[in-house]
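Step one of this worksheet: look at the structure below.
The values are calculated or read from the model by the stated rules, or taken from the named source; none is laboratory data. Given the structure is predicted, the values throughout are model-derived calculations rather than measurements. Positions of Cβ are backbone-derived with ideal geometry, glycine not excepted, and every protein chain shown enters the neighbour counts. What goes into the accessible areas is simple: the full protein's heavy atoms, side chains included, and nothing from ligands, DNA or RNA. Shrake-Rupley method; radii C 1.70, N 1.55, O 1.52, S 1.80 Å.
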Amino acid sequence: MRDGLRFRHLRGCQARRARPGERPGSLAALPDHFRKECRTILGSAAKPSITGGAVWGEGLVQNTERFVLSILRSAASIGLVAANYIEAKRFLLRERRVFGIEAVDRLTGDRFEIRARCTLNATGPWAHHILRQVTGRNPEETPPLLKAIDLIVGRTLFDGYAVGLQSRPTGDGSASKDRGRLYFFVPWRGTTMIGTYYAPYRGAPESASVEEKDIEEFLDGIRGILPEGAITAEDIRFLHFGLLPMNMTTDRSGVASPAGKPWFCDHARIDGIEGLVSIQGVKYTTSRVVAERTVDHISNKIGARKTPCRTGTTAIFGEAGSERGDPAEKENPGNIPDAVRRHLEINYGSESSRILGYAVARPELARTVTGSQEVLRAELVHGIREEMAQSLGDLVFRRTDLGTAGHPGRESLDDCAGIAAGELGWDAQRISRELEKVERSYPGTAILPARQINTVTEPWS
Ligand SMILES: Cc1cc2nc3c(=O)[nH]c(=O)nc-3n(C[C@H](O)[C@H](O)[C@H](O)COP(=O)(O)OP(=O)(O)OC[C@H]3O[C@@H](n4cnc5c(N)ncnc54)[C@H](O)[C@@H]3O)c2cc1C
């Protein structure tokens, strides 16, 4: 019965993250009355064809930026030299062998070489573009990319359940091609994250932006699921936007989708260029195994010690020895409120004590950022001193979660900028430049988008 339900009924309704005590990936409940419950959860989004549903436990990364930082910090703890704002300008090439890169420090303008027996090109959407210098391929031959957009809306939907539903024609006669897509509605930090909308993109990755027609199509697709007016442009607090490799064959409805598997290339085999490997991933969910295969391939290639990559058994930074549990029952030298300590557990795991260390040493850092209920001022200093944050954007989008679910309020940004200025020696002009840049990342207050919004991760930051 479980398998039958898994394959037949889940098509209509997929449900939320695991509640405490439920095993992720398990079918936790299959009662007969669930059809009714499913309809109650879906409300006006329930289609007559729904015959039932199941509670499906699923994982959710609360803070993807801190997840990436944790991986980097794990690697740094065993010898990786991490650097921020260093741009790979060109490959060092001699007699069809790459022996490193010429790099530029984006903060100082200094140029220098980094030499290596094997260079790994893992520059995401830029991977094919940067290669043109060594392969000589012209820009038109570069595979197309896919714009990927998630909307963050200031509404709680579906009673706190995460739900995946297929977009269907609304019958309003509009000619949207944004139909027949699967959209997820995920409760996240007091908002709902809706995604993912995809649109093909050709061009330089740094020029990509979210355009008005993307948002219109996206909202049109949502209208095919939820009743008219349930979500409007005014509900959009923020956009998560980036580029992914595109699947070269679109599905029956003509909707573009991400590539089915990562692109891996040893350029010795394909282009006759030694010392260079490229990898372009598609999903976080498969990134660990992709990294493992890549590391093992390069180790073999350069004849390094034949120890298999240990990523599969290595706890990432913040996870090792992490004692989950109620923070209220743990020691609290800085008298930090429980809600803040829970927030630190979620974002830093077993490394929360680093943040608390700053808070205990400097009581003014034990306060939350103005306007925030959770983000400690100590997190900002930690981000600057231990995680190479160099801009206000680094702090509010890529080190803390202050700005990733919507605008945190001008007083919060002013407070952050003041702390960063003290740490990094910014003058008044620099402070206002930093504030302006962060403000520009948010949707306009008028109907969206008042202008083009570009929230794609900046290269090299
Ligand atoms: C809206 C959206 C939703 C998503 N949702 C999910 C999801 O639910 N589940 C999931 O598993 N995945 C999801 N993904 C995919 C996931 O984000 C990507 O798979 C992942 O980010 C790829 O990581 P990467 O390191 O390969 O590339 P990237 O994250 O693109 O990183 C590449 C890095 O290289 C840097 N770089 C580029 N050129 C240079 C240069 N010349 N010198 C130095 N540095 C350079 C860039 O600045 C960037 O930091 C989503 C993506 C988007 C955009």
### Residues that are within 16 Å of the ligand (Cβ to nearest atom) and either among the hydroxyl-bearing types (S, T, Y) or touching a Phe, Trp or Tyr at 6+ places or on another chain (Cβ under 6 Å) (or both), drawn from segment 309-323
T311
### Task
Check V290 against each of (1) open to solvent by 40 Å² or more (accessible area, probe 1.4 Å); (2) part of a helix (DSSP H, G or I) and name the one condition it does not meet.
(1)
#### Entry: Answer from P262, P245, P258 - the residue that is within 12 Å of the ligand (Cβ to nearest atom) and buried (at least 19 other Cβ atoms within 10 Å of the Cβ)
P245
### Task
Output yes when any residue across segment 213-228 is assigned to a helix (DSSP H, G or I) and under 18 Å from the mean Cα position of the chain (by Cα), and no when none is.
no
### Query
What's the number of the condition R106 fails, among (1) open to solvent by less than 30 Å² (accessible area, probe 1.4 Å); (2) touching a strand residue (DSSP E or B) at 6+ places or on another chain (Cβ under 7 Å)?
(1)
### Query
Scanning segment 268-287 for residues that are loosely packed, with under 15 Cβ neighbours inside 10 Å and under 17 Å from the mean Cα position of the chain (by Cα), which turns out farthest from the ligand (Cβ to nearest atom)?
T286
### Message
Going residue by residue through segment 74-88, is there one that turns out to be in contact with a strand residue (DSSP E or B) (Cβ under 9 Å, 6 or more places away or on another chain), of a type in the set (D, E, K, R), open to solvent by 70 Å² or more (accessible area, probe 1.4 Å) and at pLDDT 95 or above?
### Response
no
### Task
Just need a number here: residues in segment 296-308 that are open to solvent by less than 70 Å² (accessible area, probe 1.4 Å) and either without any contact (Cβ under 8 Å) to a residue 24 or more places away in the chain or within 7 Å of the ligand (Cβ to nearest atom) (or both).
5
### Query
How many of the residues in segment 386-414 are under 23 Å from Q62 (Cβ atoms) and in a helix (DSSP H, G or I)?
12
#### Entry: Long-range neighbours under 7 Å by Cβ, at least six apart or interchain, first residue of a type in the set (S, T, N, Q) and at pLDDT 70 or above within segment 48-63, second away from the ligand (no atom under 15 Å from the Cβ) and not in a loop (DSSP other than H, G, I, E, B)
T51/H9; T51/R35; Q62/I346; N63/N347
